[in-house]
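Scroll down for the structure; my scribbles are underneath it.
The values are calculated or read from the model by the stated rules, or taken from the named source; none is laboratory data. Computed from a predicted model, the values in this text were never measured in an experiment. For neighbour counting, all protein chains shown are included, and Cβ atoms are generated from backbone atoms with ideal geometry for every residue, glycine included.
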Amino acid sequence: MTTAYYTHADCKRHEMGSWHPESPERLQAIEDQLIASRINTLLDYREAPAALESDLARVHTADAIYRIRENCPSERSEYDHFPLDADTSLNAYTWRASLRAAGAAVAATDAVIDAEIENAFCAIRPPGHHATSKEAMGFCMFNNVAVAAKHALEVRGLQRVAIVDFDVHHGNGTEEIFNGDQRVLMVSFFQHPYYPYSGTEHPASNMVNVPVPAHSYGNVIRELVSERWLPALEAFKPEMIFISAGFDAHREDDMGQLGLVEADYAWITQQIMRVAKTHSHGRIVSCLEGGYNLSALARSVTAHVKILADLE
């Protein structure tokens, strides 16, 4: 089994201030843990290309794209930031990083559909699942998974794709983009009530939203995956699966108050793999979303990637 690892140095150059939890150090921590675990040499490392604006335009309005492209500070002022909201801002390299993040997801999609690789993990930032069609928010600029899923449907001709989101926060942007689109099934769990305070009000029939209270642990999550996610995925028979892979539901991550550990992420990945092998020719593209405790993030991504690469 070939698992590709997509990333780019530009993704480390975007930053929103030394205080900000969504930091370049997140990617370095993942890379260090993969090396320490001695699985880095078993992955197919690939440099993420830049997405085309036409890739973004399948998902985002012209104004949303313009706002990010035109408001990045000059590279001569690399320490300046342009605020988009209270916790999301642009620096001189955000545009380039955002193109690489979306470009990684699109390139991985093509490589998987073309059977160059079986699956891929995209170690990218900015993350994407809060970005709606019209605005960036919640640390996210463009919705990387949505861009890739639209590419699979509208460029590569797939008929059905699934999106699995296990971030601690509801993927409100992804839901807004695909709400009611019967070509897409989205399954997710998320802490509720919690930012962005969405996902519970009359979701469309193609959304399997499972809100869970704070302090829910792995046994609760495994039960809901078995009872809610897997039957829906089996019935939908996706031709490809995309993962919004957030690791901030880890019990050591104080961004949320859920209680997952590495073994839970490995188990969830195994369930997704089984569905993919049955219905999707094993085709999976996983894209990094949240995860802010550096050690927990790195260990959890390593557990996730080990399962994708069939190294466990």
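Look at segment 64-79 and say how many of its residues are in contact with a Ser or Thr (Cβ under 8 Å, 6 or more places away or on another chain) and surrounded by fewer than 15 Cβ atoms within 10 Å (Cβ to Cβ).
Adding up the residues that qualify gives 0.
Annotation: of all residues in segment 1-51 being hydroxyl-bearing (Ser, Thr, Tyr) and over 30 Å from MET137 (Cα atoms), the one that is nearest to the chain's Cα centre (by Cα) is THR3. Scanning segment 89-118 for residues that are of a type in the set (Ser, Thr, Tyr) and within 21 Å of HIS281 (Cα to Cα) yields a single hit, THR109. Is it the case that some residue within segment 166-184 is in a helix (DSSP H, G or I), modelled with pLDDT of 95 or more, within 30 Å of HIS281 (Cβ to Cβ) and in contact with a Cys (Cβ under 9 Å, 6 or more places away or on another chain)? Looking through segment 166-184, at least one residue is in a helix (DSSP H, G or I), modelled with pLDDT of 95 or more, within 30 Å of HIS281 (Cβ to Cβ) and in contact with a Cys (Cβ under 9 Å, 6 or more places away or on another chain). Considering segment 223-256, and only residues there that are among the aliphatic types (A, V, I, L, M) and in contact with a helix residue (DSSP H, G or I) (Cβ under 7 Å, 6 or more places away or on another chain), the residue that is surrounded by the most Cβ atoms within 10 Å (Cβ to Cβ) turns out to be ALA245. So, THR94, is that one surrounded by 14 or more Cβ atoms within 10 Å (Cβ to Cβ), in contact with a helix residue (DSSP H, G or I) (Cβ under 6 Å, 6 or more places away or on another chain) and of a type in the set (S, T, N, Q) or not? It is false that THR94 is surrounded by 14 or more Cβ atoms within 10 Å (Cβ to Cβ), in contact with a helix residue (DSSP H, G or I) (Cβ under 6 Å, 6 or more places away or on another chain) and of a type in the set (S, T, N, Q). Under the condition of being part of a loop (DSSP other than H, G, I, E, B) and either within 17 Å of ALA111 (Cα to Cα) or hydroxyl-bearing (Ser, Thr, Tyr) (or both), the residues counted in segment 125-164 number 6. Among the criteria (1) more than 20 Å from GLY171 (Cβ to Cβ); (2) in contact (Cβ under 8 Å) with a residue 12 or more places away in the chain; (3) not in a loop (DSSP other than H, G, I, E, B), the one LEU84 does not fulfil is (1). Scanning segment 38-51 for residues that are surrounded by fewer than 17 Cβ atoms within 10 Å (Cβ to Cβ), part of a loop (DSSP other than H, G, I, E, B) and in contact with a helix residue (DSSP H, G or I) (Cβ under 8 Å, 6 or more places away or on another chain) returns a single hit, PRO49.
Please tell me if GLY290 is crowded, with 20+ Cβ neighbours inside 10 Å, of a type outside the set (Val, Ile, Thr) and either out of contact with any helix residue (DSSP H, G or I) (no Cβ under 9 Å at 6 or more places or on another chain) or farther than 22 Å from TYR6 by Cα (or both). Answer is no for this residue.
Within segment 1-37, the set of residues being surrounded by fewer than 18 Cβ atoms within 10 Å (Cβ to Cβ), farther than 17 Å from PHE121 by Cα and among the aliphatic types (A, V, I, L, M) comprises ALA36 only. Being charged (D, E, K, R) and touching a strand residue (DSSP E or B) at 6+ places or on another chain (Cβ under 7 Å) is a condition met by at least one residue of segment 237-259.
Only one entry of LEU311, LEU288, LEU258 meets the criterion of being over 29 Å from GLY103 (Cβ atoms) and hydrophobic (A, V, I, L, M, F, W, C), and that entry is LEU258. As a summary of the residue check, TYR79 satisfies the conditions (1) modelled with pLDDT of 95 or more; (2) not in a helix (DSSP H, G or I) except for the one numbered (1).
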